[in-house]
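Okay, structure first, notes after.
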Amino acid sequence: MTTHAPAAQPPQTVLLPDSIDEAVAALAAMPAAVPVAGGTDLMAAVNAGELRPFALVGLGRINEIRGWHYQDGHALLGAGLTHARMGRPDFAALIPCLAAAARAAGPPQIRNAGTLGGNIGTAARTGDALPALAALEATVVIAGPEGAVREVPVSHLLGGVERLRSGELIGFVRVPLLHAPQVFLKATGRTGPGRAIASVALVLDPARRGVRCAVGAVGPAPMRPLEAEDWVASLIDWDNGRRIDPEALRAFGEYVAVACIPDPAPAQEGAEVPALPPTALQLRRTVAVLARRALGRALT
Ligand SMILES: Cc1cc2nc3c(=O)[nH]c(=O)nc-3n(C[C@H](O)[C@H](O)[C@H](O)COP(=O)(O)OP(=O)(O)OC[C@H]3O[C@@H](n4cnc5c(N)ncnc54)[C@H](O)[C@@H]3O)c2cc1C
């Protein structure tokens with residue numbers, strides 16, 4: 001492990017461990033230290049004066065988390081995988097919706113540095129990998145002090161049901177290999193790379209005759225419209241080219257959008273339901289279009 005202690009700065013140490021075990025040991029020894037991977041979120045916060053970490057534990061030298069391997073029909077993705085790596089064709093053949101999300105995550109310099117673990121660590125509502133992971137029902141493998149390992153659903157981490165404890169690191173993300181169409185679509189407020197206004201990840205699970213859909217950016221964490229998923233899965237002719245009535249596609253879009261952006265509650269029981277504000281109505285339309293298109297593309 002390499003240590004740099006810049007003299008002219010406020011007390012700040014940068015540790016560069018070579019393994020997850022070393023990184024976890026460093027975090028356990030210095031509870032005030034913060035892990036940093038690509039730094040695209042963390043260093044932006046430091047530069048903006050929002051964060052003054054006492055020490056940093058850099059994860060960039062840990063080779064074991066920069067690739068992926070296979071285990072029991074799943075891919076174990078290293079937390080250090082960059083968006084650029086996940087966007088490449090070999091990865092896209094394995095997990096198409098995560099690859100598409102990675103390709104949409106910011107401009108090239110951000111995709112070259114930003115990582116999967118950092119996207120989860122920041123847990124921004126606009127994190128593009130997050131709806132893809134939610135639709136895939138991925139789990140996060142967390143490494144802790146003294147060799148401890150625990151695994152939690154990514155939705156628990158993003159929804160605040162579980163938190164990273166002191167000294168813990170995201171080591172891997174376990175994703176089922178479904179070998180079926182997957183789609184990720186994102187709407188932004190500008191042309192060119194931009195943060196999502198809304199995004200939809202949709203995966204087909206033919207073995208279970210299931211459709212799984214997650215909507216990103218419209219709430220603090222990705223949302224799963226479970227009733228809409230079950231409803232539309234029952235309308236797909238799974239034995240006959242996965243056909244569906246075009247009207248059902250449109251209705252699915254609406255169903256997803258209303259589930260994620262519901263009507264406001266009336267002021268009191270029996271009172272009229274207030275109208276949705278125009279911006280929310282526009283967002284609902286956007287989500288409806290994304291969900292309809294995502295399902296349409298997955299089924300063609
Ligand atoms: C100009 C710009 C545009 C962007 N556009 C997009 C976009 O379109 N879509 C998008 O999704 N994101 C975007 N981002 C955000 C950012 O690039 C991503 O969230 C990226 O995935 C963060 O990864 P990182 O490795 O740089 O994380 P870092 O900045 O290194 O870390 C982020 C957080 O995660 C923690 N962390 C990192 N790795 C681990 C780990 N293994 N275990 C535990 N905690 C960890 C850190 O402590 C920190 O709190 C953009 C950022 C910038 C600056």
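Here are a few things to note about the model shown:
- Computed log10 I(q)/I(0) for the chain at 0.10, 0.11, 0.12 Å⁻¹: -0.59, -0.70, -0.81, from the Debye equation with unit scatterers placed on every C-alpha and solvent omitted.
- Among Thr126, Thr300, the order by Cβ neighbours within 10 angstrom, fewest to most, reads Thr300, Thr126.
- Taking amide H as placed 1.01 Å from N in the peptide plane, Val57 has its amide H under 5 Å from the amide H of Leu15, Val34, Val36, each at least 5 places away in sequence or on another chain.
- Residue-by-residue Karplus 3J(HN,Hα) for the stretch 202-211, coefficients 6.51, -1.76, 1.60, Hz, glycine and proline x: 9, 10, 9, 10, x, 4, 9, 6, x, 10
- Across the chain, the relative contact order, built from alpha-carbon pairs under 8 Å that are at least six residues apart, equals 14 percent.
- For the stretch 248-262, 3J(HN,Hα) computed residue by residue from phi via the Karplus equation (6.51, -1.76, 1.60; θ = phi - 60°) reads 5, 4, 4, 5, 4, x, 5, 4, 4, 5, 5, 5, 8, 10, x Hz, glycine and proline entered as x.
- Positive-end residue, the chain charge dipole about Cα centroid, Cβ charges, pick of Val34, Val200, His69: Val200
- Average Cα contact separation per residue, the stretch 69-176, under 8 Å, 6 or more apart, as relative contact order %: 30 percent
- Cut-off under 5 Å, modelled amide H: who pairs with Gly171 long-range: Val141, Ile142, Ala143
- Each Lys and Arg contributes +1 and each Asp and Glu -1, all at the Cβ; summed about the Cα centre of the chain, the dipole is approximately 900 debye.
- 0 to 90° range, to nearest 10: angle between helix 20-29 axis and the chain longest Cα axis: 70 degrees
- Charge dipole (the stretch 214-255, unit charges on Cβ, about Cα centre) - positive-most of Ala251, Ala214, Ala228: Ala214
- Relative exposure of Ser155, Ser199, judged by other C-beta atoms within 10 Å (fewest first): Ser155, Ser199
- Close amide H contacts of Gly210 (hydrogens built in the peptide plane, cut-off under 5 Å, sequence separation of 5 or more or a different chain): Asp205.
- Taking every C-alpha pair closer than 8 Å and separated by at least 6 residues, the mean separation divided by the residue count of the stretch 183-300 gives a relative contact order of 27 percent.
- The order of Val36, Val24, Val200, Val256, going from fewest to most other C-beta atoms within 10 Å of their C-beta, is Val36, Val24, Val256, Val200.
- The stretch 89-128 versus the stretch 133-212: alpha-carbon centroid distance in Å: 11 Å
- Among the trypsin sites (Lys or Arg not before Pro) in the stretch 178-228, those placed in a DSSP loop whose Cβ has at most 11 other Cβ atoms within 10 Å are Arg190.
- Relative compactness, the stretch 69-176, computed as alpha-carbon Rg over 2.2 N^0.38 Å: 1.01
Every read-out reported here was derived from the displayed coordinates using simple, explicitly stated rules and does not represent laboratory data. What you see is a predicted model, and the numbers here were worked out from it, not measured in a lab. Every residue, glycine as well, gets a Cβ built from its backbone with ideal geometry; the counts of neighbours run over all protein chains shown.
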